[in-house]
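The values are calculated or read from the model by the stated rules, or taken from the named source; none is laboratory data. All values derive from a computational prediction rather than experimental measurement. Counting neighbours? That spans all protein chains shown, and the Cβs are built from the backbone with ideal geometry, glycine included. Calculation scope for accessible area: heavy atoms of the full protein, side chains included, ligands and nucleic acids excluded. Shrake-Rupley method; radii C 1.70, N 1.55, O 1.52, S 1.80 Å.
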Amino acid sequence: KFRPSKNQKFLVEAMKILPDNFKLLLKGPLVKEGPLAERDNLFFNETKKLASSLGLDDRIQIEEGFCQDVQEYYQMSDAYAFPSTMEGLGTPLLGSIACGVPVAANRIPGVTDTWIKVGETGYLSGLDPAEFAKSMEACTRLPKEKLAAGAAYISRTAGTGCLDREYLSIIKSLTGN
């Protein structure tokens, strides 16, 4: 989603520091009505304007809309950027790691530091554009073997099969089976 807590404008700031070979796709749904529509639409437009004002239109693609085949986007990426300021679980970073794509993320205690194994599945940093840009660059140098091991770990601990087994166990205990 495009909203301030997802912090997409921050990524635009980090992109001005990264080498020219780095490209960024920002894609997500945008609230069209309700109490947050004005805030989120303003944020979306500000993000687009910032990219243009920094001369990054040729390196940053900004699209509004739900991402149908997110796995395909992960797999065509060299790294996933996750600068959120708050998250409950961090599902997008789990998806990225499960696809073998490293994550550069803002350090959110209990969330990003739980799932990202620093130097193996990605890097954590604060919300300083230069520090975050270094994490992004470091992500592109992680060995494929470590990324594959991280993907396997996520699949075992948070994958659909694992969660389904947990739910089934709970249901069985509740029904006495």
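At q = 0.09, 0.11, 0.21 Å⁻¹, what is the log10 ratio I(q)/I(0) for the range 1-154, with the Debye formula run over Cα points and no solvent? The Debye formula, applied to the Cα set alone, gives -0.27, -0.40, -1.46. Note that the range 71-79 has calculated 3J(HN,Hα) couplings of 4, 5, 5, 4, 5, 8, 9, 8, 7 Hz, one per residue in order, obtained from phi through the Karplus relation 6.51 cos²θ - 1.76 cosθ + 1.60 (θ = phi - 60°); glycine and proline are x. Under 14 Å of direct C-alpha separation, and excluding same-chain neighbours fewer than eight residues apart, Lys16 reaches these aspartates and glutamates: Asp57, Asp58, Asp128, Glu131, Glu137. The HN-Hα couplings worked out from phi for the range 55-65 by the Karplus form 6.51 cos²θ - 1.76 cosθ + 1.60 (θ = phi - 60°) are x, 10, 4, 7, 10, 10, 10, 10, 10, 9, x Hz, whole numbers, x standing for Gly and Pro. Distance cut-off 29 Å, Cα to Cα: go down the list Lys49/Lys146; Lys6/Lys49; Lys32/Lys146; Lys48/Lys144; Lys23/Lys117; Lys6/Lys32 and report the pairs above it. Where the Cα-Cα span goes over 29 Å, the pairs concerned are Lys49/Lys146; Lys32/Lys146; Lys48/Lys144. Each part reduced to its alpha carbon centroid, the range 84-99 and the range 1-47 end up 16 Å apart.
The mean accessible area for residues of the chain, using a 1.4 Å probe and ignoring ligands and nucleic acids, is 57 Å² per residue. In the calculated pair-distance distribution of the range 83-177, the portion above 20 angstrom amounts to 41 percent of the Cα-Cα pairs.
A Förster radius of 30 Å combined with the Cβ-Cβ distance from Lys146 to Leu42 puts the calculated FRET efficiency at roughly 0.15.
At a 1.4 Å probe, what is the % contribution of carbon and sulfur to the accessible area of the chain? That share works out to 53 percent.
If R0 is 41 Å, the Cβ-Cβ spacing of Thr175 and Ser53 corresponds to a FRET efficiency of close to 0.10.
Which value in Å is the Kirkwood Rh of the range 69-135 over different Cα pairs?
Values: mean 1/r = 0.0852 Å⁻¹.
By the Kirkwood definition, the hydrodynamic radius is 11.7 Å.
The convex hull around the C-alpha trace of the range 122-177, projected and averaged over every direction, spans 5.6 square nanometres.
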